[in-house]
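The structure under discussion appears below in the form of structure tokens.
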Amino acid sequence: MFKAAVLLSQQYNITIDGQFIEWQSVETNGNVIDVLSKACQALSISNSVGIPVISYSVTDPDLSDRNVYTNFYRIAPSDNLAALAIIRLFIRFNWTSFVLIYQNDEFGSTGAKIINEVFNNNNLTVECLIIFEIVTFRIRGDLRTHLMNSATRIVILWVQTNYIALILRDALESDALSSLFTWILNLIVSLNTFDKKYHAKLIGLFAIEPVTENTDNVGINTTLLKQAYHIWQQYESESFPGQTKVNYYALFAI
């Protein structure tokens, strides 16, 4: 939808200082340094020539510094806001401590750092840090032992989408879900990822997802929306879910 909105703006000759709005899609090889270098290159160009850069996925809180990144904008909330949302959940249920599982790369370490800072500022305790190795796709050490030896039964999982199912399967095999522990995920994962025999044990998982204001009562230009849907189907039909199943987050993007 993000790309469709940009293409639609070009069809309607919408410009900024006489220039069409464009996007840049970069394919990486999975190397974290490669990913970061591409992002830094785009931000460096933005700062140098004053071209606005809009991201729909970057969550690094450092990019919120308007004095440094004057032309950077994003749709996704920063890790700071996600951590504050989790804190509200802790306050609601009177939880005081937790175990944090994070992946050992820039995404995971930044998230762990932010969560530590925000939670410490709110007198909440990180009982244990557990690392998920993105090279071996396994938890460092024994997951059940880590969790059972902890004084808390609240687990925050801070990893990218493609790792969530792997870790939850490990937890299911270790019997570290169901009524024993309360898990809080930083992203939503589909139940269809798991065998149906495990679905009952997955009941009670919390997932923190960025949301926008309810679009039901917000005026939408249906003509433009239909054109955006058409562009989406024309250029990337395999990802189009159908008009009735488009996520409200995608509607916010357009």
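The values are calculated or read from the model by the stated rules, or taken from the named source; none is laboratory data. Owing to the predicted nature of the structure, the values given are computational and were not obtained by experimental measurement. Every residue, glycine among them, receives a Cβ derived from its backbone with ideal geometry; neighbour counts consider all protein chains shown.
Couple of notes before you dig in:
- Single match in 133, 173 (criterion: modelled with pLDDT of 90 or more, more than 24 Å from residue 84 (Cβ to Cβ) and surrounded by fewer than 16 Cβ atoms within 10 Å (Cβ to Cβ)): 133
- Qualifying residue in the range 75-86 (condition: in contact (Cβ under 8 Å) with a residue 24 or more places away in the chain and part of a strand (DSSP E or B)): no
- Enumeration of residues in the range 95-105 that are over 14 Å from the mean Cα position of the chain (by Cα) and over 18 Å from residue 150 (Cα atoms): 104, 105
- The listed residues are 91, 86, 114, and the only one of them that is over 19 Å from the mean Cα position of the chain (by Cα) and modelled with pLDDT of 85 or more turns out to be 91.
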